[in-house]
1. Taking residue 19 and the conditions (1) at pLDDT below 70; (2) surrounded by fewer than 19 Cβ atoms within 10 Å (Cβ to Cβ), which numbered condition does it fall short on, given that it satisfies the others?
2. Suppose the filter is touching a residue at least 24 places away in the same chain (Cβ under 8 Å), farther than 18 Å from residue 99 by Cβ and in a loop (DSSP other than H, G, I, E, B); does residue 137 pass it?
3. Considering region 140-182 alone, what residues qualify as being free of Cβ contacts under 8 Å to residues at least 40 places away in the same chain, under 30 Å from residue 93 (Cβ atoms) and assigned to a loop (DSSP other than H, G, I, E, B)?
4. Could you please let me know if residue 57 is outside any loop (DSSP other than H, G, I, E, B), farther than 28 Å from residue 175 by Cβ, modelled with pLDDT under 80 and not β-branched (Val, Ile, Thr)?
5. Please state which one of 168, 151, 161 is surrounded by fewer than 15 Cβ atoms within 10 Å (Cβ to Cβ) and in contact with a strand residue (DSSP E or B) (Cβ under 6 Å, 6 or more places away or on another chain).
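The values are calculated or read from the model by the stated rules, or taken from the named source; none is laboratory data. Being a predicted model, the structure only gives us computed values, none of them experimental. Because the Cβ atoms are built from the backbone with ideal geometry, glycine has one as well, and the counts that use them run over all protein chains shown.
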Amino acid sequence: MLSHNCGASGEEQSGWTEEDWHCWEEHGYFLRRRAVPKFYILRLLSLMPAEADRQRALWNKDLSVIRSHPYMWDILLRYKVYEAFSGLWKQPGLWLYLEGLRIRGNDAQTASMQSPKIEGCISLLAQQVEFHYADHSGRRLAIAVEVGDLLIYASDKLVLLSQTSDLLPVTMVPAQDSEDCRSDRILFWNEIHQAGQHGRVILNELGERLLGLSAW
């Protein structure tokens, strides 16, 4: 099994370095250290039951239980998370991928995630995230991550093997120039809020744009 830590310097960067791009092209992943401060992760984990892995896995399986909670959105909409995806897509105008959203007549989110398909996750624990290569070579890859690290990977190159209950999924895709798409996102966001019982999520300008509530 290969063990990698490329792109893991943790230095303040406005974009991707040459090393980051080499790692992406060669291995299909990008690692941004401390994309989310540990405080925000621990605050989210405080919502989880104290009992063991079975309940943690159940909690992760049904993210709708907490997806309306402000603590989760404080993580997903962090600037460093956006910055990493913006560097990958090489454009500022992105939307947060909203699981469960279906766009009228066309799932624009899915269309914008093709070749390569981009996925990401934020680590809730210090751990080894394991993948195997999608080329059927049998090779495996292990990436050491800490609490709050962001890992972006191309799922046409890497297949995630690790326990997903310890990884919070997050993906951003190019924003669509479509009022229908924006309207559907606004409706979906309002439904999330109506289902929530934890207070209203306070969004800054970036958050409103990433959700499609405001145009880029």
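1. Looking at each condition in turn, residue 19 falls short on (1).
2. No; evaluated as a whole, the condition is false for this residue.
3. Across region 140-182, the qualifying residues are 155, 177.
4. Values: outside any loop (DSSP other than H, G, I, E, B): yes; farther than 28 Å from residue 175 by Cβ: yes; modelled with pLDDT under 80: yes; not β-branched (Val, Ile, Thr): yes.
Answer is yes for this residue.
5. 161
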